[in-house]
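See structure below.
The values are calculated or read from the model by the stated rules, or taken from the named source; none is laboratory data. The structure presented is a predicted model; accordingly, all values stated were derived computationally and were not measured. Every residue, glycine among them, receives a Cβ derived from its backbone with ideal geometry; neighbour counts consider all protein chains shown. Accessible surface areas use protein heavy atoms only, side chains included; no ligands, DNA or RNA. Shrake-Rupley method; radii C 1.70, N 1.55, O 1.52, S 1.80 Å.
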Amino acid sequence: METRSCRSRAHPSLALAKYWGKRTGGINIPATTSVAVTLEALTTTTTVQVHPCPEGARPGDRVMLDGEVQEARRFRPFFEELRAIAGVRSLPGDSCFTVDSMNDFPTAAGLASSASGFAALATAALAALSGTANPEEVSRLARIGSGSACRSVYGGFTRWEAGSERAVQVRDETWWPDFRVVVLPVTVEAKAVTSREGMNRTRDTSPFYDAWVGDAPRLAGEVERALEERDLERLGTAARLSYLRMFATMLGAEPPLLYWLPRSVEIIRELARLRSRGIPAWETMDAGPQVKVLTDRIHAPLVVETFSELLSLPAIVSGPGPGASVESL
Ligand code: 2P0
């Protein structure tokens, strides 16, 4: 076979209602329904080459991320699934994959780099193999690499139902043009405990886990209704409950998980003061110390200005962005 290559782009998926916990009996099958926004201002660009496997080196796939070779084990289930899809479709599944991926933002620090990373990888790999990338198939494949990646395949606002193998789009990126997320990076350091390990530890040891899972559908429904109404206060209030309950559950794990830094807490407290003055700004956080603020186009500059001195990197302001796409084939 000849070598074929494809370049793709994808953006991270920021959960407004959180995915935290996996069901057993599948790979990355979520225990909670998550609802998310795809962030235009952060981008992963990935090139995949499909080529004959090198002699004596099976499976022979190679992944570079921001110029560094990645541990093969993390990618094995993904490539196994990709080869299975290729087999079913009579595509050249005995080939090997060489991946070169770049993020224009800090990797593995709680900015959802694995979401955009696997969405871009699944898009480019399927397009390189078959010439096209059907979003349903891409979303299912991306999930094998990293759960939240199945949401990044779609633009705008997305839902990934508990128990589901893929995400769906709720509203596209034109639905709420004034919606903004301000990302406040308080550190550039990679997190100490991966989301995967953290989720499993929480499920296996936190006495609060069942309550978290039981409450999650109601919060996801509330977030979706707020999106439908473009009601920022309702959305921000529900998103805060979702992330704080997620962290409450993590704090109950053994050993406990605490991703926050003092600066994260400083920002959370200052945002409460801004809201008491009528500024619409509600925070959410993920498996890392960075704070993301849900606000609107008019107030985003004030949020940036308020926190600029506390940050390790400049704040990033983002609107809802498009789904993963093929750049060149
Ligand atoms: C989310 N996070 O909904 C949640 C909220 C972090 C906190 O999805 O094990 O990298 O690959 O399925 O998707 C981060 O976890 O975890 C995540 P895996 P993933 O965005």
Mean Cα-pair separation over length for segment 213-329, i.e. relative contact order, pairs under 8 Å, 6 or more apart, %: 19
Whole-Å distance, taken between Cα centres, linking segment 157-171 and segment 24-47: 9
With every protein chain left in place, what is the accessible area per residue of segment 140-227 in square angstrom, probe 1.4 Å? 40
Under 11 Å from the Cβ of ARG171, count the other residues' Cβ atoms, weight Lys and Arg +1, Asp and Glu -1, and hand me the total. -2
Pop out the carbon and sulfur fraction of the accessible area of the chain as a percent, whole number, probe 1.4 Å. 51
What length, rounded to one decimal in nm, is gained on full extension from LEU241 through to CYS53, with 0.36 nm per residue of separation minus their alpha-carbon distance? 62.8 nm
Excluding exposed DSSP-loop GluC sites (Glu not before Pro) (at most 10 other C-beta within 10 Å), longest clean stretch of the chain: 72-329
Over all distinct alpha-carbon pairs, what is the Kirkwood Rh of the chain in angstrom? 19.9
FRET efficiency, ARG23 to PHE208 (Cβ-Cβ, R0 25 Å, nearest 0.05): 0.90
Quickly estimate the mean residue ellipticity at 222 nm for the chain, helices only: each DSSP H run with n ≥ 4 gives -39500 (n - 2.57), and the total goes over all residues, rounded to 500. -12000 deg cm²/dmol
Reduced to Cα centres, the span from segment 174-198 to segment 268-310 in Å works out to 13
Here FRET efficiency (C-beta to C-beta, GLU305 to THR194, R₀ 45 Å, nearest 0.05) is 0.85
Under unit Cβ charges (Lys, Arg +1; Asp, Glu -1), what dipole magnitude, rounded to 20 debye, does the chain have relative to its Cα centre? 480
What ³J(HN,Hα) values, in whole Hz, does the Karplus curve 6.51 cos²θ - 1.76 cosθ + 1.60 give for segment 291-304 when θ = phi - 60°, with x put for Gly and Pro? 10, 10, 10, 8, 8, 10, 4, 5, 8, 4, x, 5, 4, 4
With 0.36 nm assigned to each residue of separation and the Cα-Cα distance removed, VAL69 to ALA248 gains 60.9 nm
Could you give the length gained on full extension between GLU136 and GLU233, defined as 0.36 nm per residue of separation minus the Cα-Cα distance, in nm? 31.7 nm
Take the alpha carbon atoms of segment 178-301, find their radius of gyration, then divide it by 2.2 N^0.38 Å using N residues; give the quotient. 1.10
